[in-house]
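The values are calculated or read from the model by the stated rules, or taken from the named source; none is laboratory data. All values derive from a computational prediction rather than experimental measurement. Here Cβ is always computed from backbone atoms with ideal geometry, including for glycine, and neighbour counts include all displayed protein chains.
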Amino acid sequence: MGPQASKSYPGRQLVKPAGPRAERARQEIDYGRRDVAGYVFGALQPATGAAFTATYERRTTANWIDFLGRVESWIEPGAERVYAVVDNLNIHGGMDVLLFALAHPRWEFVFQPKYAAYLNLIEPWWKVLRSLALKGRRFEAWAEIEQAVERATAYWNTHKHPFIWGRRRRHRTPRRLGIAAPPNVALI
């Protein structure tokens, strides 16, 4: 999910008008550094909607391999193939990752093209996780962010549903079968 720092995260807050005109919503200015930032690694099974996250203080190859090992134990043993869709970050293609792939033959790493994050299904899920864990909250330490991410992931997994790629489906009025609608064509 990228570096997350202990700070205030903007959210929605109801601002009541102070008279005949509504005023702009304002957020308290957040000055100062608190704790160091960390990284959240995540895995998503789109067919079931199940998610797995782990937090690390640094983004290193050793932490990435540790995360892959934790994902390996999280995935059910009956799965034939595991496709890991990853971006082109340098830690995703190191020698240790190749050794991990040799030790776990059911894993296949699929590298997405540069500037095409929308092809990875976990990217929209990160938005959901940020809104569940971080939005509208203030964190003083990295441990608070770790707890918030852990609680948000647990909440998601209790309310999970298949994760479908694409835009949200808007409500449409159902079509009546058997009745043809005339085309919107002006006849001259």
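Of (1) modelled with pLDDT of 80 or more; (2) outside any helix (DSSP H, G or I); (3) hydroxyl-bearing (Ser, Thr, Tyr), Thr173 satisfies all except one. Which?
(1) is the only condition that Thr173 fails.
Could you please tell me which pairs satisfy a Cβ distance under 6 Å, a separation of 6+ or placement on different chains, a first residue in the range 134-161 that is surrounded by 13 or more Cβ atoms within 10 Å (Cβ to Cβ), and a second residue that is assigned to a helix (DSSP H, G or I)?
The qualifying pairs are Phe139/Ile145; Ala148/Ala133; Val149/Ala133; Ala152/Leu129; Ala152/Leu132; Ala152/Ala133.
Just give me the residues in the range 46-59 being free of Cβ contacts under 8 Å to residues at least 24 places away in the same chain and either under 14 Å from Val128 (Cα atoms) or buried (at least 19 other Cβ atoms within 10 Å of the Cβ) (or both), in sequence order.
Of everything in the range 46-59, just one residue is free of Cβ contacts under 8 Å to residues at least 24 places away in the same chain and either under 14 Å from Val128 (Cα atoms) or buried (at least 19 other Cβ atoms within 10 Å of the Cβ) (or both), namely Ala54.
Within the range 102-130, can you find the residues that are free of Cβ contacts under 8 Å to residues at least 12 places away in the same chain and either exposed (fewer than 14 other Cβ atoms within 10 Å of the Cβ) or not in a helix (DSSP H, G or I) (or both)?
Leu102, Ala103, Pro105, Pro113, Tyr115, Ala116, Tyr118, Lys127
Residues to consider are Leu132, Leu44, Leu121, Leu68; find the one that is touching a Ser or Thr at 6+ places or on another chain (Cβ under 9 Å) and under 25 Å from Glu150 (Cβ atoms).
Selected residue: Leu132, the only one of Leu132, Leu44, Leu121, Leu68 that is touching a Ser or Thr at 6+ places or on another chain (Cβ under 9 Å) and under 25 Å from Glu150 (Cβ atoms).
In the range 71-86, what residues are under 25 Å from Trp142 (Cβ atoms) and surrounded by 15 or more Cβ atoms within 10 Å (Cβ to Cβ)?
Those that are under 25 Å from Trp142 (Cβ atoms) and surrounded by 15 or more Cβ atoms within 10 Å (Cβ to Cβ): Val71, Val86.
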